[in-house]
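Reviewing the structure listed below.
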Amino acid sequence: MQYETIITGRENAIGMITLNRPEQLNAISIKLREELAEALQTMSNDDQIKVIILTGSEKAFAAGADIKEMKSKSYMDMYLFDNASKLQSILQKCRKPVIAAVSGYALGGGCELAMMCDFILAAENAKFGQPEISIGALPGWGGTQRLTGLIGKSKAMDMCLTGRMMDAKEAEYSGLVSRVFPVEGFLDEVRQIATRIASRSVPIKQMIKECINQSLETNLQSGLLFEHRQFQSVFATEDQKEGMSAFVEKRKPEWKNS
Ligand code: CO8
(Lines give C-alpha, C1' and ligand atoms only; values in the text may rest on other atoms or scores of the structure.)
Protein backbone atom coordinates (compact mmCIF):
# COMPACT_ATOMS: atom_id res chain seq x y z
CA MET A 1 0.00 0.00 0.00
CA GLN A 2 1.38 3.42 -1.00
CA TYR A 3 0.95 6.31 1.41
CA GLU A 4 2.08 9.95 1.24
CA THR A 5 3.06 10.53 4.86
CA ILE A 6 4.03 7.10 6.16
CA ILE A 7 5.91 4.06 4.89
CA THR A 8 4.63 0.61 5.73
CA GLY A 9 6.19 -2.80 5.37
CA ARG A 10 6.20 -6.32 6.75
CA GLU A 11 9.35 -8.12 7.87
CA ASN A 12 8.34 -11.71 8.68
CA ALA A 13 5.82 -11.36 11.51
CA ILE A 14 6.60 -7.70 12.18
CA GLY A 15 4.56 -4.87 10.72
CA MET A 16 6.64 -1.72 10.42
CA ILE A 17 5.14 1.77 10.12
CA THR A 18 7.55 4.68 9.60
CA LEU A 19 6.28 8.25 9.90
CA ASN A 20 7.61 9.99 6.81
CA ARG A 21 7.41 13.78 6.72
CA PRO A 22 11.10 14.35 7.44
CA GLU A 23 11.19 17.96 6.24
CA GLN A 24 8.53 18.80 8.89
CA LEU A 25 10.05 16.56 11.59
CA ASN A 26 7.12 14.18 11.08
CA ALA A 27 4.59 16.76 12.27
CA ILE A 28 1.28 14.95 12.63
CA SER A 29 -1.03 16.38 9.97
CA ILE A 30 -4.63 15.40 9.26
CA LYS A 31 -3.39 13.31 6.33
CA LEU A 32 -0.81 11.53 8.47
CA ARG A 33 -3.43 10.69 11.09
CA GLU A 34 -5.75 9.37 8.39
CA GLU A 35 -3.05 7.24 6.79
CA LEU A 36 -1.70 5.99 10.10
CA ALA A 37 -5.20 4.95 11.20
CA GLU A 38 -5.68 3.04 7.96
CA ALA A 39 -2.30 1.31 8.17
CA LEU A 40 -2.83 0.31 11.80
CA GLN A 41 -6.27 -1.07 11.01
CA THR A 42 -4.91 -3.04 8.06
CA MET A 43 -2.09 -4.49 10.16
CA SER A 44 -4.49 -5.29 13.00
CA ASN A 45 -6.54 -7.37 10.54
CA ASP A 46 -3.53 -9.14 9.01
CA ASP A 47 -3.01 -12.52 10.71
CA GLN A 48 0.56 -12.71 9.40
CA ILE A 49 1.52 -9.73 11.53
CA LYS A 50 2.09 -10.47 15.20
CA VAL A 51 3.76 -7.25 16.41
CA ILE A 52 3.69 -3.69 15.07
CA ILE A 53 6.58 -1.24 15.31
CA LEU A 54 5.81 2.47 14.96
CA THR A 55 8.84 4.64 14.31
CA GLY A 56 10.01 7.90 12.72
CA SER A 57 13.33 9.20 11.46
CA GLU A 58 16.60 9.41 13.37
CA LYS A 59 15.98 13.14 14.00
CA ALA A 60 12.30 12.94 14.93
CA PHE A 61 9.73 10.37 15.91
CA ALA A 62 7.27 13.29 15.60
CA ALA A 63 7.59 16.93 16.69
CA GLY A 64 3.88 17.18 17.48
CA ALA A 65 0.65 17.96 15.72
CA ASP A 66 1.13 20.07 12.60
CA ILE A 67 1.14 23.62 13.97
CA LYS A 68 1.07 25.21 10.52
CA GLU A 69 -2.07 23.27 9.63
CA MET A 70 -3.70 23.86 13.02
CA LYS A 71 -2.96 27.49 13.76
CA SER A 72 -6.00 29.08 12.07
CA LYS A 73 -8.56 26.44 13.01
CA SER A 74 -11.67 27.39 14.96
CA TYR A 75 -13.15 25.48 17.88
CA MET A 76 -15.84 24.10 15.54
CA ASP A 77 -13.22 23.00 12.98
CA MET A 78 -11.45 21.04 15.70
CA TYR A 79 -14.64 19.74 17.30
CA LEU A 80 -16.44 18.60 14.15
CA PHE A 81 -13.50 17.03 12.37
CA ASP A 82 -11.70 14.81 14.83
CA ASN A 83 -9.71 12.05 13.20
CA ALA A 84 -7.23 12.22 16.13
CA SER A 85 -9.75 10.46 18.38
CA LYS A 86 -10.37 7.83 15.70
CA LEU A 87 -6.66 7.04 15.50
CA GLN A 88 -6.38 6.91 19.28
CA SER A 89 -9.28 4.50 19.45
CA ILE A 90 -7.74 2.20 16.80
CA LEU A 91 -4.53 2.05 18.84
CA GLN A 92 -6.42 1.42 22.07
CA LYS A 93 -8.41 -1.41 20.49
CA CYS A 94 -5.47 -3.03 18.69
CA ARG A 95 -5.03 -6.53 20.14
CA LYS A 96 -1.45 -6.91 18.91
CA PRO A 97 1.54 -5.47 20.77
CA VAL A 98 2.48 -2.07 19.32
CA ILE A 99 5.99 -0.80 20.10
CA ALA A 100 6.94 2.87 19.71
CA ALA A 101 10.58 3.12 18.62
CA VAL A 102 11.57 6.70 19.37
CA SER A 103 14.66 8.37 18.01
CA GLY A 104 15.02 12.16 18.21
CA TYR A 105 12.08 14.40 19.06
CA ALA A 106 8.83 13.02 20.45
CA LEU A 107 7.06 16.25 21.34
CA GLY A 108 3.45 17.20 21.98
CA GLY A 109 1.26 14.91 19.88
CA GLY A 110 4.42 12.91 19.06
CA CYS A 111 5.00 12.08 22.71
CA GLU A 112 1.29 11.36 23.09
CA LEU A 113 1.29 9.04 20.08
CA ALA A 114 4.27 7.14 21.51
CA MET A 115 2.46 6.81 24.85
CA MET A 116 -0.62 5.37 23.09
CA CYS A 117 1.56 2.42 22.06
CA ASP A 118 2.08 -0.49 24.44
CA PHE A 119 5.60 0.51 25.36
CA ILE A 120 8.36 2.83 24.22
CA LEU A 121 11.91 1.90 23.28
CA ALA A 122 14.20 4.89 22.85
CA ALA A 123 17.46 5.72 21.13
CA GLU A 124 20.00 7.67 23.17
CA ASN A 125 19.19 10.88 21.25
CA ALA A 126 15.47 10.73 22.07
CA LYS A 127 13.88 13.85 23.54
CA PHE A 128 10.39 13.79 24.98
CA GLY A 129 8.21 16.73 25.89
CA GLN A 130 4.78 18.31 26.07
CA PRO A 131 5.71 21.82 24.90
CA GLU A 132 2.16 22.92 24.03
CA ILE A 133 2.23 25.58 26.75
CA SER A 134 4.92 27.40 24.74
CA ILE A 135 2.50 27.81 21.82
CA GLY A 136 -0.58 28.73 23.83
CA ALA A 137 -2.13 25.29 24.01
CA LEU A 138 -2.12 22.22 26.19
CA PRO A 139 -1.66 18.49 25.57
CA GLY A 140 -4.86 17.34 23.87
CA TRP A 141 -4.23 13.73 22.93
CA GLY A 142 -3.80 12.04 26.29
CA GLY A 143 -0.63 13.82 27.44
CA THR A 144 -1.85 15.01 30.82
CA GLN A 145 -3.42 11.60 31.50
CA ARG A 146 -0.92 9.06 30.22
CA LEU A 147 2.21 11.02 31.13
CA THR A 148 0.96 11.40 34.71
CA GLY A 149 0.28 7.67 34.88
CA LEU A 150 3.75 6.85 33.60
CA ILE A 151 6.00 9.37 35.37
CA GLY A 152 3.84 10.63 38.26
CA LYS A 153 2.17 13.94 39.06
CA SER A 154 5.23 15.95 40.00
CA LYS A 155 7.21 15.27 36.83
CA ALA A 156 4.11 15.51 34.62
CA MET A 157 3.35 18.95 36.08
CA ASP A 158 6.99 19.97 35.57
CA MET A 159 6.98 18.78 31.94
CA CYS A 160 3.60 20.27 30.96
CA LEU A 161 3.96 23.56 32.85
CA THR A 162 7.54 24.34 31.79
CA GLY A 163 7.28 22.71 28.34
CA ARG A 164 10.83 21.43 28.82
CA MET A 165 12.27 18.36 27.12
CA MET A 166 13.31 15.16 28.87
CA ASP A 167 16.26 13.19 27.48
CA ALA A 168 16.30 9.43 27.01
CA LYS A 169 18.16 8.77 30.26
CA GLU A 170 15.65 10.72 32.35
CA ALA A 171 12.78 9.15 30.39
CA GLU A 172 14.09 5.70 31.26
CA TYR A 173 14.54 6.27 34.98
CA SER A 174 11.21 8.10 35.14
CA GLY A 175 9.34 5.16 33.62
CA LEU A 176 8.32 6.75 30.33
CA VAL A 177 10.45 4.39 28.24
CA SER A 178 11.31 0.80 28.96
CA ARG A 179 14.83 0.64 27.47
CA VAL A 180 17.38 2.89 25.77
CA PHE A 181 19.81 1.87 23.01
CA PRO A 182 22.62 3.60 21.08
CA VAL A 183 21.45 5.47 17.99
CA GLU A 184 23.51 3.24 15.75
CA GLY A 185 21.74 -0.08 15.33
CA PHE A 186 18.69 1.16 17.27
CA LEU A 187 16.09 -0.29 14.92
CA ASP A 188 17.90 -3.64 14.84
CA GLU A 189 17.60 -3.81 18.63
CA VAL A 190 13.90 -2.95 18.35
CA ARG A 191 13.42 -5.62 15.68
CA GLN A 192 15.05 -8.22 17.93
CA ILE A 193 12.68 -7.38 20.78
CA ALA A 194 9.69 -7.41 18.41
CA THR A 195 10.81 -10.77 16.98
CA ARG A 196 11.04 -12.23 20.46
CA ILE A 197 7.51 -11.03 21.27
CA ALA A 198 6.23 -12.19 17.87
CA SER A 199 7.42 -15.73 18.63
CA ARG A 200 5.08 -15.99 21.66
CA SER A 201 1.58 -17.46 21.73
CA VAL A 202 -0.96 -15.07 20.17
CA PRO A 203 -3.83 -15.62 22.66
CA ILE A 204 -1.54 -15.41 25.69
CA LYS A 205 -0.07 -12.12 24.42
CA GLN A 206 -3.55 -10.72 23.96
CA MET A 207 -4.56 -11.74 27.48
CA ILE A 208 -1.43 -10.12 28.97
CA LYS A 209 -2.18 -6.89 27.11
CA GLU A 210 -5.76 -6.94 28.37
CA CYS A 211 -4.66 -7.57 31.96
CA ILE A 212 -2.07 -4.77 32.00
CA ASN A 213 -4.44 -2.31 30.35
CA GLN A 214 -7.14 -3.33 32.81
CA SER A 215 -4.87 -2.17 35.65
CA LEU A 216 -5.16 1.38 34.28
CA GLU A 217 -8.94 1.31 34.10
CA THR A 218 -10.01 -0.26 37.37
CA ASN A 219 -9.28 -0.64 41.10
CA LEU A 220 -6.88 -3.24 42.47
CA GLN A 221 -9.46 -5.81 43.57
CA SER A 222 -11.27 -5.81 40.22
CA GLY A 223 -7.96 -5.89 38.38
CA LEU A 224 -6.68 -8.81 40.45
CA LEU A 225 -9.90 -10.72 39.81
CA PHE A 226 -9.73 -9.99 36.06
CA GLU A 227 -6.11 -11.18 35.93
CA HIS A 228 -6.83 -14.33 37.93
CA ARG A 229 -9.77 -15.27 35.70
CA GLN A 230 -7.59 -14.72 32.63
CA PHE A 231 -4.91 -16.91 34.20
CA GLN A 232 -7.47 -19.67 34.85
CA SER A 233 -8.77 -19.39 31.28
CA VAL A 234 -5.25 -20.03 29.98
CA PHE A 235 -5.82 -23.65 31.04
CA ALA A 236 -8.43 -23.91 28.30
CA THR A 237 -5.78 -23.19 25.64
CA GLU A 238 -3.64 -25.62 23.70
CA ASP A 239 -0.73 -23.23 24.13
CA GLN A 240 -0.71 -23.69 27.91
CA LYS A 241 -0.49 -27.48 27.45
CA GLU A 242 2.23 -27.08 24.84
CA GLY A 243 4.22 -24.46 26.79
CA MET A 244 4.29 -26.37 30.05
CA SER A 245 4.94 -29.73 28.35
CA ALA A 246 7.82 -28.20 26.38
CA PHE A 247 9.35 -26.90 29.60
CA VAL A 248 9.14 -30.31 31.27
CA GLU A 249 10.45 -32.07 28.15
CA LYS A 250 13.28 -29.50 27.80
CA ARG A 251 12.38 -28.45 24.26
CA LYS A 252 11.17 -25.31 22.49
CA PRO A 253 7.40 -24.89 22.45
CA GLU A 254 5.53 -24.94 19.16
CA TRP A 255 2.64 -22.56 19.59
CA LYS A 256 -0.69 -23.46 18.05
CA ASN A 257 -2.07 -20.00 18.76
CA SER A 258 -5.19 -21.60 20.12
N1 CO8 B 1 4.25 21.37 13.22
C2 CO8 B 1 4.58 21.85 12.00
N3 CO8 B 1 5.84 21.99 11.56
C4 CO8 B 1 6.82 21.65 12.40
C5 CO8 B 1 6.57 21.16 13.69
C6 CO8 B 1 5.23 21.03 14.10
N7 CO8 B 1 4.86 20.52 15.27
N8 CO8 B 1 7.76 20.93 14.29
C9 CO8 B 1 8.71 21.23 13.41
N10 CO8 B 1 8.15 21.68 12.27
C11 CO8 B 1 8.81 22.14 11.05
C12 CO8 B 1 9.42 23.53 11.21
O13 CO8 B 1 8.43 24.52 11.03
C14 CO8 B 1 10.45 23.52 10.11
O15 CO8 B 1 9.81 23.70 8.89
P16 CO8 B 1 10.35 24.80 7.81
O17 CO8 B 1 11.68 24.24 7.40
O18 CO8 B 1 9.32 24.75 6.73
O19 CO8 B 1 10.46 26.08 8.55
C20 CO8 B 1 10.96 22.08 10.15
O21 CO8 B 1 9.93 21.31 10.76
C22 CO8 B 1 12.22 21.92 10.94
O23 CO8 B 1 11.97 22.45 12.21
P24 CO8 B 1 12.97 23.50 12.93
O25 CO8 B 1 13.62 24.36 11.92
O26 CO8 B 1 12.19 24.19 13.99
O27 CO8 B 1 14.04 22.49 13.53
P28 CO8 B 1 14.97 22.68 14.81
O29 CO8 B 1 15.90 21.53 14.78
O30 CO8 B 1 15.49 24.06 14.87
O31 CO8 B 1 13.95 22.53 16.07
C32 CO8 B 1 12.18 21.48 17.34
C33 CO8 B 1 13.35 21.31 16.33
C34 CO8 B 1 12.76 21.90 18.71
C35 CO8 B 1 11.48 20.16 17.45
C36 CO8 B 1 11.22 22.59 16.82
O37 CO8 B 1 10.89 22.32 15.47
C38 CO8 B 1 9.94 22.70 17.59
O39 CO8 B 1 9.93 23.26 18.67
N40 CO8 B 1 8.83 22.19 17.02
C41 CO8 B 1 7.52 22.35 17.60
C42 CO8 B 1 7.32 21.44 18.79
C43 CO8 B 1 5.95 21.64 19.37
O44 CO8 B 1 5.59 22.70 19.85
N45 CO8 B 1 5.13 20.58 19.36
C46 CO8 B 1 3.79 20.60 19.90
C47 CO8 B 1 2.79 20.89 18.82
S48 CO8 B 1 1.13 21.06 19.42
C49 CO8 B 1 0.64 19.45 19.66
O50 CO8 B 1 1.35 18.54 19.37
C51 CO8 B 1 -0.73 19.26 20.24
C52 CO8 B 1 -1.06 17.80 20.30
C53 CO8 B 1 -2.54 17.62 20.42
C54 CO8 B 1 -2.95 16.65 19.31
C55 CO8 B 1 -4.41 16.59 19.16
C56 CO8 B 1 -4.72 16.10 17.76
C57 CO8 B 1 -5.24 17.17 16.83
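The values are calculated or read from the model by the stated rules, or taken from the named source; none is laboratory data. On a predicted model such as this, the values are computed, not experimentally measured, just so you know. With ideal geometry, Cβ positions are generated from the backbone for all residues, glycine too; neighbour counts draw on all protein chains shown. Remember, those area values only see protein heavy atoms, side chains included, never the ligands or the DNA or RNA. Shrake-Rupley method; radii C 1.70, N 1.55, O 1.52, S 1.80 Å.
The table below gives the values:
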quantity: q = 0.10, 0.12 Å⁻¹: log10 I(q)/I(0) that the Debye formula gives for the chain, counting C-alpha atoms only; calculated: -0.52, -0.75
quantity: Accessible carbon and sulfur surface of segment 77-229 relative to its total accessible area, %, 1.4 Å; calculated: 56 percent
quantity: Kirkwood Rh in Å, taken over segment 110-258 so that all alpha-carbon pairs contribute; calculated: 17.9 Å
quantity: Simple label model, 7 Å out from Cα along Cβ direction - Glu242 to Ser199, nm; calculated: 1.4 nm
quantity: Cα gyration tensor, segment 168-230 - rounded (a/c under 1.5), prolate or oblate; calculated: oblate
quantity: Packing rank of 157-163, 143-149, where each peptide gets the mean count of other beta carbons within 10 Å, highest leading; calculated: 143-149, 157-163
quantity: Tyr173, Tyr105, reordered so the largest accessible area comes first (probe 1.4 Å); calculated: Tyr173, Tyr105
quantity: Probe 1.4 Å, all protein chains present, accessible-area order of Phe186, Phe235, largest first; calculated: Phe235, Phe186
quantity: Simple label model, 7 Å out from Cα along Cβ direction - Tyr173 to Met157, nm; calculated: 2.1 nm
quantity: Rh (Kirkwood; distinct C-alpha pairs) - segment 45-85, Å; calculated: 13.6 Å
quantity: Kirkwood-based Rg to Rh ratio, segment 113-162, C-alpha trace; calculated: 0.95
quantity: Range of Cα positions in segment 1-88 per principal axis (Å), largest first; calculated: 44, 29, 19
quantity: Computed E for Gln2/Glu217 - FRET, C-beta separation, R0 30 angstrom, nearest 0.05; calculated: 0.20
quantity: Among Arg229, Arg191, Arg33, residue whose mean-square fluctuation peaks in a GNM of the chain (springs only between Cα atoms under 10 Å); calculated: Arg229
quantity: For segment 46-63, Karplus couplings with θ = phi - 60° (6.51, -1.76, 1.60), whole Hz, Gly/Pro x; calculated: 8, 5, 6, 8, 10, 9, 10, 10, 10, 9, x, 9, 5, 7, 8, 5, 6, 8
quantity: Order by protection proxy (mean Cβ within 10 Å, highest first), peptides 49-62, 74-87; calculated: 49-62, 74-87
quantity: The chain - mean residue ellipticity at 222 nm from DSSP helices (-39,500 (n - 2.57) per run, n ≥ 4, rounded to 500); calculated: -14500 deg cm²/dmol
quantity: Heavy atoms of Cys211: accessible area, 1.4 Å probe, square angstrom to 10; calculated: 30 Å²
